[in-house]
Structures are given as C-alpha cells and as structure tokens.
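Single-structure report; data block below.
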Amino acid sequence: MTDPETSQDGDPQDSHTQDSHAQDSPQPPGTRLDGAALDRLRPLAFSVAYRMLGSVAEAEDVVQEALLRLSQTEGVRNPDAFVTTVTTRIAIDVLRSARVRRESYVGEWLPEPLVGPVQSNLPVAMASAPPDAAAHAELADDLSTAFLVLLERLTPTERAAFLLHDVLGYSHTEAAGVIGTSEVSARQLASRARRRIARERDDAARSAPSRTTASRTTPGRTAPARTTRVRAEELVTRFLAACEEGAVDPFLELLAEDVVFTGDGGGKVPPGFSIARPVSGRDTVARLLAVFMRRGAPIHFEPALVGGEPGLLIVADDVIGGGLIGTWSFEVVDGQVAGIRGVINPEKLRHLGPQADLERLREWLMNDRQRRGAR
C-alpha cells in the first residue's frame, strides 16, 4: 500500500463515518453555523492543529481557516467531524512547508510553549466527558514539549494518523476518512508512527540505563515511571532555591545522571543567551546552570505550567523594563529532572505577552561586568 502524500486540504463533502463523535444535531439544509457554535469548536480545532504543528501561531492560522470554511458551508451534518477533518488536512500541508523551514532552522527546534493550565475543553477524545484528574494528566502529556519533540520525527501523514487514532480516539476507518486514504493505509501510518516513537524512546532508554520504564495508557507509548504532579512541583520549588543559591551542588541533587538541557534561540537572540547544541550529563548541566545564575542578571523566575507540566518563566526585572525572556519546561522522571527544554526565541514567545528587551539586558550585563572589573 502507498502512503497518501498528496495534498488533502479540500473540504469534506459529508461526515463520513464519524457520527459517533458528533456533539451537535445535524444542521437543516441551507443553514450555516452561528458564532456560538463556531466558538464551541475553536478549542477542538486548536488542539488538533497545535499537536500537528507544535506552533501556536501556525495553529491559530489553521483554526481561522478551518472555521471560515465551516462558516461558509451549508447543512453540515457533523460540525465536529468537519472541523477536525479540515483542520487536519490544512495542517498536513502547513507541516510539509514548515519542514523546509525547520531543516534550515538555526540550532535546535522546540515547539512554541503553551503556558498555564490545560483547558478542560481541549478534548482527549472527541465527544468525551470533561476530563477528570487522570484525563488532565494524560492530556498534559500529549501537549508536553517532550512529546511534541518526539512527533517531529514523523512524516505529516504519520503524525496525523497517530494523533487521530492514538490521541483523539478515532478508529482507523475514521482516521482514513480525515486524511483521505484507505483504512489499511491509515492503520499502516499509525503503526509506523508508533514504531518510530518507540524506537526514539528505546534509544533514549539505552543511553540512560538507570531509568526504569513502564507502559502508558496511550497505545504504543512507553516511558519512564511518571512522577506525580505534586512531586514535580516540589522539585521545581527546590530548583528555584538552587537558582537563588547559584552553586553547583544544589543542582546536582536535583538532576538525573543523564539529564539533557536543550535550548532554542533560533538565531534570534544576542550571543551568549542560548546554547547552540544540547548539553548532557549531570555535572555538565549543573555547572552550566550555576554559571548562568552567577552572571547576576536582573531577572527572576516564576513557576508556571509549560506544556501542561511544571516549569519556569524567565522574566526580566523592572530595572531593565521587565517582560518575558523565555520558558523552561522540565521532564521529571523518578523524582529527578531528566530534561530541561528552554525556549528563548522571541518569535515563539509573542503569544505569551510583553517580552524583554534582550539587547538592553545584554548591555546591562556588559556594564555590570565593567563595573566589577573596575572595582
């Protein structure tokens, strides 16, 4: 069977086999959805687009286009299925063009961070009840930076088939209707995606033999033993204390032996503000963090949920005008920080509010260094 790699951004003509996911009554012929109905569908469209693209800005553009097409279509029998289908098809095409840009991206590419609580109306599976605590945890994992980085290894259609079936709860038949292929091909795409993700996890496990692994509830996914949210937040509190102390030893107590620190500046920040390539190993990362803290920059950290998981916001102090500098998201395994992913690329932080002036911060650091040298 061949994979469907042709453009699939056309509008669906009917609701194909997804009536089991419908939440609205069919629209009478000749009628269109009103604003309230479109607003209800916006979180669903965004959850699909963001998982596909890992970009808030691109996801919002896709959502606008999908909802526009829906608003202009009369007599839609299943709005949920329609908007999911159109969103997925547009996202596949956007992801293909984005791949070209990401291949020439300066440094490591990380998803644009979502900051704050995961919305309760972002569905784990369509037409499901509002998520309980366990569902929230699973949803947060599906939106985490670590998981989205794994999805980058997939082709656009593999990513769509995997997300539709393994995350959003579609059958292979329904996923095939969304992507525009046969059930057999959709099944093969999802299966190949699982194998790639499992291979990535196995490679990580081999390089980190100290970690134990356990099955996840989502099919085809395994990962090290999950640390509870409360314990992870406690670890972030201890991490903040280590930042204030600025010494190596406090960080050593928190970091896993094989911890990896990845930074994404995208070539858009002054020299010295972002690492060019990932840094690994407890001692190396601890020293890097301690050196960063000892620079005495006029910044502070604010605990936050980043990608649904505990993390930190790096914020400039008022003395240099305030504003967001970047985000850190933590991958916590067995009570230790196994991964730190920092986004400092200003283009990936615009949706989070006012940003700091990095050139002003750089000038402050240079002047401070000169003042200390003079003393």
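Tabulated data
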quantity: Cα-based Kirkwood hydrodynamic radius, the stretch 262-375, one decimal, Å; calculated: 15.0
quantity: Computed Kirkwood radius, in angstrom, where 1/r is averaged over Cα pairs of the stretch 71-121; calculated: 14.3
quantity: Solvent-accessible surface ranking, highest first, for W109, W328 at 1.4 angstrom; calculated: W109, W328
quantity: Cα centroid of the stretch 173-202 to Cα centroid of the stretch 55-75, whole Å; calculated: 24
quantity: Most to least accessible of H172, H351 (protein chains only, probe 1.4 Å); calculated: H351, H172
quantity: Ranked order, R192, R101, R40 - accessible area, probe 1.4 Å, largest first; calculated: R101, R40, R192
quantity: Exposure of S280 as accessible area (Å², to 10), given a probe of 1.4 Å and all protein chains; calculated: 70
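The values are calculated or read from the model by the stated rules, or taken from the named source; none is laboratory data. Everything numeric in this text was worked out from a predicted model, so none of it was measured. Ligands, DNA and RNA are stripped out before the accessible areas are found, and what is left, the full protein with its side chains, is counted by its heavy atoms. Shrake-Rupley method; radii C 1.70, N 1.55, O 1.52, S 1.80 Å.
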